[in-house]
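**Student:** Structure in structure tokens, see below.
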Amino acid sequence: MARIPATVVAASGLVGGYAVARWTRKRPLGGVALAAAGTVAAREWTRDSGGKAAAALTAAYVAAFAGSHPLAKKVGAWPAVFSVAGAMAAASWAVGRNVRA
């Protein structure tokens, strides 16, 4: 089975978690989706880049989630979610690229 890159999993987790929470109107269900994607991404980061990089990227994932809330008050919910998802994807890609190089 083909692996989905952690970069994609992390960005999708942020977008998907928000989408689930919004469309089901059940925030805890969105949190489950967010946490599940974060867990999968963390496992892949550990496998690909090691424990320290995985810990840093996991902290960035949590910070992106938390940071999307105040950002949403300034730019709107969806733009905030897409912004932090893009930033998370870029960070994941950059860390993974630097470790492999």
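The values are calculated or read from the model by the stated rules, or taken from the named source; none is laboratory data. Note that the structure is a prediction, hence the values are computed from the model and not measured. Here Cβ is always computed from backbone atoms with ideal geometry, including for glycine, and neighbour counts include all displayed protein chains. Protein only, heavy atoms only, side chains kept; ligands, DNA and RNA dropped before computing areas. Shrake-Rupley method; radii C 1.70, N 1.55, O 1.52, S 1.80 Å.
**Student:** If you fit an axis through the alpha-carbon atoms of helix 77-100 and take the longest principal axis of the Cα set of the chain, what angle between them do you get, 0 to 90°, nearest 10?
**Tutor:** Approximately 0 degrees, to the nearest 10.
**Student:** Along the positive direction of the dipole of the chain (beta-carbon charges: Lys, Arg +1; Asp, Glu -1; about the Cα centre), which of ALA63, ALA21, TRP93 reaches farthest?
**Tutor:** Of the candidates, ALA21 comes out farthest on the positive side.
**Student:** Please report the accessible area of ARG47 (heavy atoms, 1.4 Å probe, ligands and nucleic acids excluded) in Å², nearest 10.
**Tutor:** Only protein atoms counted, so the area is about 140 Å².
**Student:** Within the accessible area of the range 11-60, what % is carbon and sulfur when the probe is 1.4 Å and the other protein chains stay in place?
**Tutor:** For the range 11-60, the apolar C and S fraction of the accessible surface comes to 66 percent.
**Student:** Ignoring ligands, DNA and RNA, what accessible area per residue does the chain give at 1.4 Å, in Å²?
**Tutor:** 60
**Student:** On a 0 to 90° scale, report how tilted helix 51-75 is relative to the longest principal axis of the chain, with both axes built from alpha carbons and the result rounded to the nearest 10.
**Tutor:** Result, in degrees: 20.
**Student:** Helix 27-49 sits at what angle to the longest principal axis of the chain, using alpha carbons and giving 0 to 90 degrees rounded to 10?
**Tutor:** Once rounded, the angle reads 10 degrees.
**Student:** Sticking with this structure for a sec: Treating only the Cβ of Lys, Arg, Asp and Glu as charged (+1, +1, -1, -1), what charge dipole size does the chain show about its Cα centre? Round to the nearest 20 debye.
**Tutor:** Details: 12 positive and 2 negative charges, 39 e Å.
Here the chain has a charge dipole of around 180 debye.
**Student:** Moving to a separate point now. Taking Rg and Dmax of the Cα atoms in Å straight from the coordinates, which label in (1) 13.3, 43; (2) 15.0, 45; (3) 13.1, 38 is the correct one?
**Tutor:** (1)
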